[in-house]
Structures are given as structure tokens and as C-alpha cells.
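Notes for the one structure printed next.
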Amino acid sequence: MQESRTGRQLTLRHGTHRAVVVELGAALRSYAVGERTVIDGFAEQDRITGGRGQILVPWPNRIRDGRYSWEGQDLQLPLTEPTRGNAIHGLLRWVAWQVVEASDSRAVLEVSLWPQPGYPFHLHVRAEYTLGERGLEVAVTARNLDASAAPYGFGQHPYVTAGTAVVDQAVLTVPARTWLRTDERGLPVAAEPVAGSEYDLRTPRAVGALRLDTPFGDLDRDADGRAVVRLAHPSGAFGTDVWLGEGADYVQLYTGDTLPPGERRRAVAIEPMTCPPDAFRSGTGLVSLGPGEEHTVRWGITPWGSDDAVTAPDSHTALGGGLTRPATQPLGKSTRSSHHAAPKGRM
């Protein structure tokens, strides 16, 4: 049998829920409820492609030309998206993380990000995965071990599936009031209201032919302070909520149109982020992490319903393993908004 290409495999279980986290990059490899696939991940023997499940630190998404200035220093990162001339998705995706805790329902991994060309700062990063009654919860904490402030951002890259062969039939809801128009390099040009545009997904809508590699901001939040992106089966009987909690003020949606044939439009990447693309240059949503300071982001995945059901639930929705999820107010209606709204106009 071919050995794993992603290191140690940490299996979490709770009832019929099962998730696997890997040593390489502390990535989320898979999540399923019984026979139902929740995320479109990768096999143990596979190489990670398309950013599947990866943690994106110390920045999510893209930095134009890999160049930015910080406290009087002009810095140059390696161009890890050379076809577009960008630095993409941080510096810890291809690093082995240390497993510091592993139990039936919880895994904790840590890693040091050492000073290096383009990012001369020293961080310690900790990723906590917990599988429980509300599904999978993720908390990622970065601590600055350096003597000076460091620029910092976070993202993660799970591909969510709604049980359809392609995402066109899936029903998507995104509680965002602004979307970021991007150029041919995937870099923000302007933030615009979703109202009246094809990117207004505040009420449930089939994905259809919509092509997304799109950042969203100005997220509406529920009474618990969470912004919830929902991908549902067209029957309405089951689906998955990706919730963005503390520190996650933006979300990138990607329908996989540029992935290799056979992988395209199989799932929607729903990517919680602390900042939009190119934040190291624009400063939008960028965290200045002072010496000794910590920054934590919380997000999670909540599968709901059952693929055995034929109608949508009423007051409560059964989860796998005998769990239930209370019905919520319609997505996009909120009592609280993100502290950091997407910027208006040019970026």
C-alpha cells in the first residue's frame, strides 16, 4: 500500500460524523456524516491540489507581485502563483505541523513560522479541530514571538459539496452586502454592493452557471455573532452551513472553474478569511500583530438534514448521529454585522 503523502492522519469521530486532519499543513482532508460526503477533500495517498482544506497563513489569497511595505521595509515574497505574478495563500501549506493533542474528537497541531525572505517575522501558530454536537469547529491562533509588529491574515480552503454531481444545482446563500470586483489576476479592484447584481446571494438561489472566484464582505451575523454561508441540496432536505465566527470578516467563494478537468464545479470552496486579497498592500482588514500578541479566528462546518429525507425540516433538522440543529432565521437577516466591513470604492 502506498504511504500517505500528507503525513500523519488524525481521525476525529462523533456519532456518525467523521473528519480527518493531516500533518502536512494541518489541512482538513475529509469530513463525512455516515455515507454522506460533506467536503470534497482528497485521499490519503493523494497530493493536495487546489488548496483543498489548507490553512492559509500569514495571509489568505493573493498579494500583487508578492511585494509590500511594512513599517518602512520594502519586502518581496516568492511568487507562488507565477502565471499571475502573485504570492498566494501564505507560507505554511507545505510545512509539517507538530501534533500536540489527538483524541477521538479533537486534534491540535502547532508550527513555528520562522523569519524568511519576504516575511522576516517569527510566529507560532496553533490549529484546533473539535468534532461535536454542532459539527466541526476550528480555531486557529497566531502568536507573535518577534520583537516587532508583524502583518497577519488567515484563511482556510474547504470545498463543500451538497450531494450534487456539479454545483450548478446546489442552492447557495451568502449573507454578504458587498462583493469585491477583481481583475484578471484575481486582485481586488473595487468593493460594490451586491444589491441588483448577480452576486446578491442573500436569499437562497441555485448556483446555476454563476462562476465564482469572488471575495465577499460586509457580512451580516446572527445573534451568536456568526455569519453563515449555506450550501443546500436542491430538495432542501439537507445541506451544510459554514459559519464564520470571531475574526473571520470576509469569505471567498470559488466554484472551481479553473481546476483540472474532472474536479471543476464539483464543490464550492467556502473560505473564511480575516482580510480580502492583497491586504498586505491595501491594509484592508490586515492585522498588525504586536510583540507577544495573539490573534484567534473561529469558524466551523455544520451539516444538517438527511439525504434520506424527502422534504425540508420544520422546527428542527436532524443531523447524523442523532443530533439536531434548531431552525434559524433566514440567512442574510441579522442582528449584528461584522466589525470590519468591506471597503467602498477603489482598493
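The values are calculated or read from the model by the stated rules, or taken from the named source; none is laboratory data. Keep in mind the model is a prediction, meaning the values are calculated, not measured. Here the Cβ positions follow ideal geometry from the backbone for every residue, glycine too, while neighbour counts run over all protein chains shown. Each accessible area value is taken on the protein alone, full model and side chains, heavy atoms only, with ligands, DNA and RNA left out. Shrake-Rupley method; radii C 1.70, N 1.55, O 1.52, S 1.80 Å.
Restricting region 116-128 to residues that are of a type outside the set (A, V, I, L, M, F, W, C) and either free of Cβ contacts under 8 Å to residues at least 12 places away in the same chain or part of a loop (DSSP other than H, G, I, E, B) (or both), which is surrounded by the fewest Cβ atoms within 10 Å (Cβ to Cβ)? For region 116-128, the residue satisfying everything is P117. State the number of residues belonging to region 62-75 that are surrounded by 17 or more Cβ atoms within 10 Å (Cβ to Cβ), touching a helix residue (DSSP H, G or I) at 6+ places or on another chain (Cβ under 8 Å) and not aromatic (F, W, Y). Number satisfying all stated conditions: 2.
Assess whether S338 counts as being at pLDDT 95 or above and hydroxyl-bearing (S, T, Y).
The answer is no for S338.
Considering only residues of region 102-115 that are free of Cβ contacts under 8 Å to residues at least 60 places away in the same chain and assigned to a strand (DSSP E or B), which is nearest to D74 (Cα to Cα)? Step by step, filter region 102-115, then rank; the result is L113.
Working only within region 186-212, note down all residues that are touching a residue at least 60 places away in the same chain (Cβ under 8 Å), open to solvent by 50 Å² or more (accessible area, probe 1.4 Å) and either of a type outside the set (V, I, T) or under 29 Å from R84 (Cα atoms) (or both). Answer for region 186-212, where residues must be touching a residue at least 60 places away in the same chain (Cβ under 8 Å), open to solvent by 50 Å² or more (accessible area, probe 1.4 Å) and either of a type outside the set (V, I, T) or under 29 Å from R84 (Cα atoms) (or both): R202, P204.
Please go through region 76-101 and pick out each residue that is among the hydrophobic types (A, V, I, L, M, F, W, C), assigned to a strand (DSSP E or B) and either at pLDDT below 95 or open to solvent by less than 60 Å² (accessible area, probe 1.4 Å) (or both).
Result: A87, I88, V99.
The set of residues in region 233-261 being among the hydroxyl-bearing types (S, T, Y) and crowded, with 19+ Cβ neighbours inside 10 Å consists of T240, Y250, Y254, T255. Would you call A150 of a type outside the set (D, E, K, R), crowded, with 18+ Cβ neighbours inside 10 Å and in contact (Cβ under 8 Å) with a residue 60 or more places away in the chain? Here the answer is yes, as A150 does meet what is asked. Taken together, the residues in region 19-43 that are closer than 12 Å to G135 by Cβ and free of Cβ contacts under 8 Å to residues at least 40 places away in the same chain amount to 1. Entry remark, region 17-53: residues being surrounded by fewer than 24 Cβ atoms within 10 Å (Cβ to Cβ), of a type in the set (V, I, T) and touching a strand residue (DSSP E or B) at 6+ places or on another chain (Cβ under 9 Å) number 3 in total. Only one residue in L131, L113 is at pLDDT 95 or above, farther than 20 Å from P158 by Cβ and buried (at least 19 other Cβ atoms within 10 Å of the Cβ), so which one is that? From the options L131, L113, the qualifying one is L113. Could you check region 147-168 and list, in sequence order, the residues that are assigned to a loop (DSSP other than H, G, I, E, B) and within 20 Å of P78 (Cβ to Cβ)? Once the filter is applied, which keeps residues that are assigned to a loop (DSSP other than H, G, I, E, B) and within 20 Å of P78 (Cβ to Cβ), region 147-168 yields G153, F154, H157. Taken over region 2-43, the criterion of being within 18 Å of P158 (Cα to Cα), part of a strand (DSSP E or B) and not aliphatic (A, V, I, L, M) is satisfied by Q9, T11, H17, R18, R29, S30, Y31, R36, T37.
Residue count for region 261-278, restricted to those that are touching a helix residue (DSSP H, G or I) at 6+ places or on another chain (Cβ under 9 Å) and within 15 Å of G186 (Cα to Cα): 2.
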